[in-house]
Amino acid sequence: MFSLLQQAASTAAETDTHAAPANAEAAAAAAAGQGADAAHAVEAAGAAAHAGEAAQSAGMPQLDVSTFGNQIFWLLVTLAVLYWVLSKVALPRIGAIISDRQGAITGDLMQAEEFKKKAKDAEAAYGKALADARTEAGKIIAAQKAEIQTELNTAIDKADAEISARAGESEKRIAAIRDSATADARSVAREVTAELVRAFGGKADEAAIDAAVDARLKGAA
Amino acid sequence: MATEADTGLAFHPMEQFVVKPLFGDGPIYWYTPTNATLWMGLTLLAIIALLVFGTRGRAIIPSRVQSIAEMLYGMVHKMVEDVTGKDGLKYFPFVMTLFCFILFANYLGLLPKSFSTTSQIAVTGVLALMVFVGVTVLGFVKNGTHFLGLFWVNSAPLALRPVLAVIELISYFVRPVSHSIRLAGNVMAGHAVIKVFAAFAAIAWIAPLAVLGIVGVYALEVMVCIIQAYVFTILTCVYLKDALHPSH
């Protein structure tokens, strides 16, 4: 305690040389180490402390009231300038930078979203085009098949008709040939029969010969 | 001093807090440029360097300095918005001013041979009083007598309310005291302890321990600097919220 008092006294004495009279009084009181006077000094210093702590308080330069006006004045000046700089220059600028960045980010995100949507649309369009082309191709193939089928059918029908016509014609000709062959055979038989009858000295009765030949041929046929 | 005479130790842990004139040795008037003036000015310049010159590129992709400035801005902005709500953002520049000043003053005070403006009761007291008076005036301007509802706890039983009102009233008026002394006390204590360790470093056999102690306390101080700036600012926000929305 004693050393503290002494220290306080020396500190106060140091400030004494260039301090206001109030502080000089405090220093003197602390140096004297008298409790009551020390309390008075602290009162002068604006602190409510009891006598024992008085010297210690006097040793705190923070409680030296004579410098308060100076500190407060310069603090207010500093704060005023700082407030002005911050509110007029720094904070609006930083706020603008941050909101710009936010805007740029949201803009980019929106653009990305748009591109994504576009890509999706393109994919859908591509798929649709592909499907369309497929159905179109299928349709064309079916149409072609049907056309070919009808062409084939008509060709087959035509061929069939031609074949049957040719067959009919051939049959007719064959029938004609057969008829003419029969007629030739009859006439040959008649002539041969007439010559034979004549050769045997008979008199060739044409009607009888014809009848006989027809009867024979009928039997042969 | 008995101990000093014996060991040659020189304990002057509080000398660093003495306000001295910058030029000469004359008396300190209110306008005298002092070491406090110098370090307040340096604080101001450091803040301007970071927040104004650091952001002059206005880059979408920030430089390192700009991203630090943006981080500070974002941190305080979010704090004000989270604690006081959207309508508190009007007072964001004021809160930011307080935060930056305290933070930078704290850290500049960690430089050797520097002067810690935030270790001065006068400085932190003015800061706290500004908040206190501002918030009280704002509370009455915004809410009229409804602001007194802050002291009348409607959720408590009727019999208890007057008692609670007294307690609330006392706690309200103690706010600037605790607000200012917390900051000054923290900064001052750390600096003083470092000085004490430094004095011990003069003795050879204890020096390594003392140096280690300085390193440890310094590390603690680095943490305390931001924590105290943060605490001061968030309490300002809480008081601001009470003024804007005085319902309990």
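The values are calculated or read from the model by the stated rules, or taken from the named source; none is laboratory data. Bear in mind the structure is a predicted one, so any value in this text is a computation, not a measurement. Note that each Cβ is placed from the backbone with ideal geometry, even for glycine, and that neighbours are counted across all protein chains shown. Please note that ligands, DNA and RNA were not included when accessible areas were found on the heavy atoms of the full protein model with its side chains. Shrake-Rupley method; radii C 1.70, N 1.55, O 1.52, S 1.80 Å.
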Which members of segment B:17-32 meet the condition of being out of contact with any strand residue (DSSP E or B) (no Cβ under 7 Å at 6 or more places or on another chain) and either open to solvent by 40 Å² or more (accessible area, probe 1.4 Å) or at pLDDT below 85 (or both)?
-> B:Phe23, B:Gly24, B:Asp25, B:Gly26, B:Pro27, B:Tyr29, B:Trp30, B:Tyr31
Among A:Ile105, A:Ile72, which is the only one that is among the hydrophobic types (A, V, I, L, M, F, W, C) and out of contact with any helix residue (DSSP H, G or I) (no Cβ under 8 Å at 6 or more places or on another chain)?
-> A:Ile105
Does A:Gln149 satisfy the condition of being of a type in the set (S, T, N, Q) and either within 30 Å of B:Ala59 (Cβ to Cβ) or open to solvent by 100 Å² or more (accessible area, probe 1.4 Å) (or both)?
-> no
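Answer yes or no: is there a residue in segment A:106-118 that is over 30 Å from B:Ala59 (Cβ atoms) and surrounded by 10 or more Cβ atoms within 10 Å (Cβ to Cβ).
Looking only at segment A:106-118, we keep the residues that are over 30 Å from B:Ala59 (Cβ atoms), and these are A:117-118.
Now drop any that are not surrounded by 10 or more Cβ atoms within 10 Å (Cβ to Cβ), which leaves A:117-118.
Checked segment A:106-118: at least one residue is over 30 Å from B:Ala59 (Cβ atoms) and surrounded by 10 or more Cβ atoms within 10 Å (Cβ to Cβ).
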Selection status of B:Leu44, open to solvent by less than 20 Å² (accessible area, probe 1.4 Å) and at pLDDT 95 or above | no
Which ones in segment B:105-116 are at pLDDT 95 or above and within 12 Å of chain A (Cβ to nearest Cβ)?
-> B:Ala105
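Return the only residue of B:Ile68, B:Ile60, B:Ile102 being farther than 25 Å from B:Thr124 by Cα and more than 10 Å from chain A (Cβ to nearest Cβ).
On the way: B:Ile60 fails: more than 10 Å from chain A (Cβ to nearest Cβ); B:Ile102 fails: farther than 25 Å from B:Thr124 by Cα.
The unique qualifying residue is B:Ile68.
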State yes or no: is B:Val80 assigned to a helix (DSSP H, G or I), of a type in the set (A, V, I, L, M) and surrounded by 16 or more Cβ atoms within 10 Å (Cβ to Cβ)?
-> yes
